[in-house]
Structure formats: C-alpha cells, structure tokens
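Just so it is clear, none of the values below were taken in a lab; they were calculated from the coordinates. Computed from a predicted model, the values in this text were never measured in an experiment. Here the Cβ is made from the backbone with ideal geometry for all residues, glycine too, and neighbour counts use every protein chain on show.
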Amino acid sequence: MANHASADKRNRQRITRTARNRAAKSELRTVVKKARTGLKGAPQESTALVTAAVSALDRAASKGTIPAKRASRVKSRLALALHKASVAAKTAAG
C-alpha cells in the first residue's frame, strides 16, 4: 500500500508498463516461434518470417521491452538457422 501520492502514481505506472510489456513480449515470442517453425518450409516464406522477427526484435529492444543484447543474440541465431536451411535446400535441389 502506497503511503504517499507519488508512490501511488509509481504503482499505477508500473501496472500500465507491465501490461504493455507483457503483451509486447507475448507477440514477440509468437513472431519468433513462427520464424523458427517456418525455417522448415519454403525458403522465400522463411526469409519473410525471419525478416518480420528481426523487425519485431529491433522494435522490442528499442522500446526497452527486452535487452538489446538478447535481441542481437536471437537475431544472430535466426540468421544462422536461415542460412543453414537455405544451404540445405540448395544442396537438396541441385
């Protein structure tokens, strides 16, 4: 329980920010998950999904929802997985 008005206001701000960040993180996890599962599909579709995930990661990092280094790490791993999937698709095709 807040003992003064400024503490009460900070509590209201915390609740608002927590709800916003929770929604943003949930959406981010969904986009990254779609990108990871999409790597098994067609190369064009997987490239588009990874691009969308990278954009979402950058947006979340710039807003402070997730740390910048975490976003960088996940983007790097997605790019590596995309490269491996595209190389595997090329060797299988030809």
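Using alpha carbons only, what's the Rg to Rh ratio of the chain with Rh from Kirkwood? The partial results should precede the final answer.
Values: Rg = 18.6 Å, Rh = 15.1 Å.
Ratio of gyration radius to Kirkwood radius: 1.23.
Suppose a student asked you for the relative contact order of segment 5-93, using Cα pairs under 8 Å spaced at least 6 residues apart; what percent would you report? Please report the intermediate quantities before stating the final value.
Details: 53 pairs, mean separation 24.5, N = 89.
Relative CO of segment 5-93 lands at 28 percent.
A 29 angstrom limit on the alpha carbon distance is what I want to check against. Which of 9/75; 9/34; 63/90; 33/84 exceed it?
As for pairs spanning more than 29 Å Cα to Cα, those are 9/75; 9/34; 63/90.
Give me the dipole magnitude in Debye, nearest 20, for segment 5-93 about the Cα centre, with unit charges on the beta carbon: positive for Lys and Arg, negative for Asp and Glu. Kindly include the intermediate steps, with their values, before the conclusion.
Values: 22 positive and 4 negative charges, 97 e Å.
About 460 debye.
Order of 65, 16 from fewest to most other C-beta atoms within 10 Å? The partial results should precede the final answer.
Working: 65 19, 16 10.
Ascending number of Cβ neighbours within 10 Å: 16, 65.
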